[in-house]
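Below is one structure, written out as structure tokens, with a few remarks after it.
None of the figures in this text is laboratory data; all of them are computed from the coordinates on show. Remember, it's a predicted structure, so these values are computed and weren't measured experimentally. Positions of Cβ are generated from backbone atoms using ideal geometry, with glycine treated the same way; all protein chains shown enter the neighbour counts.
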Amino acid sequence: MRNSILTTIFVLICSVAFASPAVLYGSNNQEKAIASNPLTIGGSTGIISVDPTIYAGAYTTGMDIGGKITIANAVTSTGGTGIINSIVLTDKAKQNLPVDVVFFSSDPSSTTITDDFTLTVADADLVNIIGSIPVSSLDYINFADNSVATVKNQGLSFSSTTTTIYAAVVARGSATYASTSDLRLKVKIYKD
């Protein structure tokens, strides 16, 4: 009996791991087939980099940085789901500006998201907010003339009506950037 149970457990584990049909032998030696239903474990992971064009100048608290950011291929198919796991923000100007990165599941078309202007999200777009990820000045590590911030393990789940999601980066302090290409945002998404 113990060997029969161990064999059954082993076959179940193998059938899930290899997504193939398995045959089990019950206590009365009758074959019980497990339906061949491939099981996807984990989906895929996407690391999507976007380079917003920013104003080469000063930002203050509440201002949008880089306008509306389009994150294409955030999910594998139209209407797909995903989980935003982490973000990486590279800063060529070493400003280490605290920001909030606000994610939208669909185009926030009722909101005007303009670089170097205060962000005011329209009521109609609030329902499309996936969530926000705060980046503090302490999240940055410094190099000689630049810095990088990493915020991990966020778990923001979402579904998208297309394969694209959107973001806005909102300043939570003051900074002055030297170039229109001083920032880069990388988003790590677990795709279903």
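Using a 10 Å cut-off on Cβ atoms, rank the peptides 160-170, 127-137, 79-89 from the highest mean neighbour count down.
On the way: 160-170: 21.4, 127-137: 16.8, 79-89: 18.6.
Output ranking for 160-170, 127-137, 79-89: 160-170, 79-89, 127-137.
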Projected label distance in nm at residue 114 and residue 126, using a 7 Å step from Cα toward the beta-carbon: 2.4
